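Readers should treat all values here as calculations from the given coordinates under stated rules, not as data from a laboratory. None of the values given here were measured: they were computed from a predicted structure. Cβ placement follows ideal geometry from the backbone for every residue including glycine, while neighbour counts extend to all protein chains displayed.
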Amino acid sequence: MDNQNEKKPTLEEAFTQIETILTQMEEPEISLEEAFALYQQGVLQLKNCGTILDEVEKKMQILGEDGEIEEM
């Protein structure tokens, strides 16, 4: 399957997913296996956030004085 067809979550969606994961991990009945699976999902979401922020930072760095993105 081609992962490029999947819609990447926005930063806000990723943060919401992380909040949901944290809430689930705080449940007292959660098993160790479930907690570890949620932890892995959370780490992936944090990496997605980092990627999104890196992309935004790169775009900001190449903005011209007129507010347009300059071609490199």
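Summary table
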read-out: The stretch 1-61, Rg to Rh (Cα coordinates; Rh as Kirkwood inverse mean 1/r); value: 1.09
read-out: Y39-L63 pseudo-label distance in nm [points 7 Å out on the Cα-to-Cβ vector]; value: 3.9 nm
read-out: Spin-label model distance (nm) - K7 vs T20, 7 Å beyond Cα toward Cβ; value: 1.3 nm
read-out: Estimated distance in nm for a label pair at S31 and C49, the labels positioned 7 Å out from Cα along Cα-to-Cβ; value: 2.8 nm
